[in-house]
Amino acid sequence: MADRVTVIGWDGSPLTDAARSALGAATLVAGAAHHLALPEVPAGAERIRLGSVSLAARRIAAHRGTAVVLADGDPGFFGVVRTLRAPEHGLEVEVVPAVSSVAQAFARAGMPWDDAQIVVAQSRTLRRAVNVCRAHTKVAVLTSPGAGPAELALLLQGVHRTFVVCEELGTDRERVSVLTSDKAADVTWRDPNVVIVIGGPADREHAWIAGRDPAARPRGWALPASAYGHEPLGEGENDRLRAAQLARLGPRVGDLVWDIGCGSGAFAVEAARFGAAVIAVDEDIEACARTDRAARRFGVPLQINRGSAPHVLEDLPEPDVVRVGGGGAAVVSAVADRRPQRIVTHAATRDEAELIGRDLTEHGYAVECALLQTVELDTRVWTERERAVAFLICGELEARGESPR
């Protein structure tokens, strides 16, 4: 019974001596069709067309002999190694890596990639991958059939991005195309491919950590009004209420957040600082301009839509969590119809809070409400400077799981 498998990464370049030696001794070889056609695969070896890695692992575990699995790029990077190492298969895995397809894609584009986010787009993760592309300025997307450049472009509608599409890297059919996202949906792309999605300025100049540099953002969250310049924050935007709203919604990478009645943009900016994609909505042109200035001040990408809720919400992509900063019960009800996982809002009176709470309950949300009172003190003389009172209402869908939509 096989208890050891060698996983060989292939990036189109000649195999290393270690890979040749392992492959030459193999009595079973698993891989894609182009892997099994390599001249180094022994003629007498059993060949398995790699579809389900779990099924292949069971066949490898039952095989009497020496097994090799061929995979594109670095098989330890979003590759087959994780599945093969699952305890139920009982396999000892040795890896001979190659250059990952992400590294190859950025090399073909002549770009650094230590500041990039890297996501996998499959049918069940496509929406979350798109949200990462909305929220970050440089993202590499490992695509799959049905979740490729065209599908990414369609779901990014309304957000301008540049696509670098790298098809069949490492083969004689390799092709690299650079185009705007609105054009990508009109092209038939070959698999496999990697898409580099670029929008906005580079995140940093000098890197010390992969992905987003946390040191480039202000320390803390629910920042005071002074952090947003000399423009005062609107009613319902004070930092204590904002802190409670952020805590209840918990925006995170892969989420799409709606901020309805964005006002100064303080909440939208801070949700974006958590790595979420954010669509900020307001009917007031000055509020949209202030939100845009706040986003530029903090270096976060936001999509800002001017319009009156609830009508403006009809064409927006499905949200994960929503803050309703204005519009009252009617807007909250329209949001609940879209079934986000969580909704937060505030009310000035108990009657308004009860009306909103009852509507959320009728929509199937578990509702909690708290009366928040904050008193700001002037610490020079320890006297009251400002007092704010609001009812915080949060609705959460009880039946909804945490898995990606």
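The values are calculated or read from the model by the stated rules, or taken from the named source; none is laboratory data. What you see is a predicted model; the values in this text were computed from it and never measured. Don't worry about glycine lacking a Cβ; one is built from the backbone with ideal geometry, like all the others, and counts go over all protein chains shown. Quick note on the areas: whole protein, heavy atoms, side chains included, nothing else; ligands and nucleic acids left out. Shrake-Rupley method; radii C 1.70, N 1.55, O 1.52, S 1.80 Å.
Of (1) open to solvent by less than 60 Å² (accessible area, probe 1.4 Å); (2) part of a helix (DSSP H, G or I), D115 satisfies all except one. Which?
(2)
Go through the range 287-301 and give me each residue that's within 22 Å of V253 (Cβ to Cβ), in contact with a Gly (Cβ under 8 Å, 6 or more places away or on another chain) and open to solvent by 40 Å² or more (accessible area, probe 1.4 Å).
R297
Which residue pairs have Cβ atoms closer than 9 Å, lie 6 or more positions apart in sequence or on different chains, and pair a first residue in the range 12-23 that is hydroxyl-bearing (S, T, Y) with a second residue that is open to solvent by 30 Å² or more (accessible area, probe 1.4 Å) and in a helix (DSSP H, G or I)?
Qualifying pairs under 9 Å: none.
Looking only at residues that are at pLDDT below 95, farther than 16 Å from D239 by Cβ and assigned to a strand (DSSP E or B) in the range 379-396, which one is least open to solvent (accessible area, probe 1.4 Å)?
T383
If I ask for residues that are modelled with pLDDT of 95 or more and either open to solvent by 10 Å² or more (accessible area, probe 1.4 Å) or in a loop (DSSP other than H, G, I, E, B) (or both), which ones from the range 126-137 would you list?
Those that are modelled with pLDDT of 95 or more and either open to solvent by 10 Å² or more (accessible area, probe 1.4 Å) or in a loop (DSSP other than H, G, I, E, B) (or both): L126, R127, R128, R134.
From the set of residues in the range 306-338 that are more than 15 Å from L249 (Cβ to Cβ) and in contact (Cβ under 8 Å) with a residue 40 or more places away in the chain, which is farthest from the chain's Cα centre (by Cα)?
Here the residue is G327.
Tell me which residues, restricted to the range 313-328, are in a helix (DSSP H, G or I) and surrounded by fewer than 20 Cβ atoms within 10 Å (Cβ to Cβ).
Within the range 313-328, G328 is the sole residue that qualifies.
Considering only residues of the range 332-378 that are among the polar types (S, T, N, Q) and part of a strand (DSSP E or B), which is least open to solvent (accessible area, probe 1.4 Å)?
Checking each candidate, the answer is T345.
Which ones in the range 3-19 are open to solvent by 20 Å² or more (accessible area, probe 1.4 Å), small (G, A, S) and not in a helix (DSSP H, G or I)?
Scanning the range 3-19 gives G12, S13.
Considering the range 259-286 alone, what residues qualify as being in a helix (DSSP H, G or I) and either within 20 Å of A336 (Cβ to Cβ) or open to solvent by 10 Å² or more (accessible area, probe 1.4 Å) (or both)?
Passing the criteria: F267, A271, R273, I285, E286.
For residues that are among the aliphatic types (A, V, I, L, M) and loosely packed, with under 14 Cβ neighbours inside 10 Å, scanning just the range 55-70, find the one that is farthest from V99 (Cα to Cα).
Top of the filtered list is A62.
Take the residues in the range 77-104 that are over 27 Å from E174 (Cα atoms) and assigned to a strand (DSSP E or B); name whichever of them is least open to solvent (accessible area, probe 1.4 Å).
V93
From the list G65, G73, G90, G110, which one is in contact (Cβ under 8 Å) with a residue 60 or more places away in the chain, on the phi > 0 side of the Ramachandran plot and out of contact with any strand residue (DSSP E or B) (no Cβ under 7 Å at 6 or more places or on another chain)?
G90
Which of the residues that make up the range 20-37 are touching a strand residue (DSSP E or B) at 6+ places or on another chain (Cβ under 8 Å) and surrounded by 14 or more Cβ atoms within 10 Å (Cβ to Cβ)?
A22, L23, A26, T27, L28, V29, A30, G31, A32, H35, L36
Given the condition open to solvent by less than 40 Å² (accessible area, probe 1.4 Å) and among the aliphatic types (A, V, I, L, M), answer yes or no: does some residue in the range 200-221 qualify?
no
Exactly one of (1) touching a residue at least 40 places away in the same chain (Cβ under 8 Å); (2) over 18 Å from I393 (Cα atoms); (3) surrounded by fewer than 18 Cβ atoms within 10 Å (Cβ to Cβ); (4) among the charged types (D, E, K, R) is unmet by R252. Its number?
Status for R252: all satisfied but (1).
Mind checking which residues of the range 157-184 are aliphatic (A, V, I, L, M) and modelled with pLDDT of 95 or more?
V164, V165, V176, V178, L179, A184
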